[in-house]
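See structure below.
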Amino acid sequence: MPQTKEQKQKAIKDLEDRIKKQKAIVFVDFTGLKVKDFSDLRKKMKKANGEIKVAKKTLLQLAFKKAGINFDSKNLKGEVALVFGFKDEITPAKGIYQFSQTNQNLKILGGIFENQEIQAEKIIELAKLSSKEELLARAVWTLSSPLSNFVHALQFNLKGLTYLLSKIKS
């Protein structure tokens, strides 16, 4: 059943609000994806502070124009869904990429990153990056490693010194 003009205006306003709040958007083609799989994907993205929204390409074009982002929805093929990342830029790309590895019916079409349109290959590169938490953990380990090695070296020298002093004493 066709949407009324009011429903379309409401959908455009809703998309515009989401577009303004996003940190990254990934466009996917979900043609042939089973409803159960799509529901699982929605749940997974919700846990990762993301959201999936299905919309018509013409409404997408209008919403992006109102949000002030230059984007041409004519380049998107198939049935299009938008995956919004509100908390972080990498999480939606990572989640979609992992899901597309197990389900061949989901195809990454491209996305919006820092209000610029990027191709699917760049989205996949972003998805393969380590997460922010992993990078922070690696940085902490890198910084603390020399210090902990220095402490162990000092402890070893002190143990050697106490052993030597105990031998001299006896």
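Total residues in the range 101-141 satisfying the condition of being among the small types (Gly, Ala, Ser) and either touching a His at 6+ places or on another chain (Cβ under 8 Å) or free of Cβ contacts under 8 Å to residues at least 12 places away in the same chain (or both): the figure is 3. Here is the figure for the range 1-50: residues that are more than 16 Å from ALA67 (Cβ to Cβ), open to solvent by less than 70 Å² (accessible area, probe 1.4 Å) and not hydroxyl-bearing (Ser, Thr, Tyr) total 13.
Per-residue answers, yes or no, for (1) in contact (Cβ under 8 Å) with a residue 24 or more places away in the chain; (2) aromatic (Phe, Trp, Tyr):
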residue: GLN7; (1), (2): no, no
residue: LYS10; (1), (2): no, no
residue: ILE25; (1), (2): yes, no
residue: PHE30; (1), (2): yes, yes
residue: VAL35; (1), (2): no, no
residue: SER39; (1), (2): no, no
residue: LYS44; (1), (2): yes, no
residue: LYS47; (1), (2): no, no
residue: THR58; (1), (2): no, no
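The set of residues from the range 66-85 being open to solvent by less than 60 Å² (accessible area, probe 1.4 Å) and not hydroxyl-bearing (Ser, Thr, Tyr) comprises ALA67, ILE69, PHE71, ASP72, LEU76, GLY78, VAL80, ALA81, LEU82, VAL83, PHE84, GLY85.
SER144 meets the conditions (1) open to solvent by less than 100 Å² (accessible area, probe 1.4 Å); (2) under 23 Å from GLN22 (Cβ atoms); (3) without any contact (Cβ under 8 Å) to a residue 12 or more places away in the chain in every case but one. The failed one is (2). PHE99 - would you say it is closer than 26 Å to LYS53 by Cα and surrounded by 10 or more Cβ atoms within 10 Å (Cβ to Cβ)? Judged against the criteria, PHE99 is a match.
The values are calculated or read from the model by the stated rules, or taken from the named source; none is laboratory data. Bear in mind the structure is a predicted one, so any value in this text is a computation, not a measurement. Because the Cβ atoms are built from the backbone with ideal geometry, glycine has one as well, and the counts that use them run over all protein chains shown. Ligands, DNA and RNA are excluded from the accessible area calculation, which covers all protein heavy atoms including side chains. Shrake-Rupley method; radii C 1.70, N 1.55, O 1.52, S 1.80 Å.
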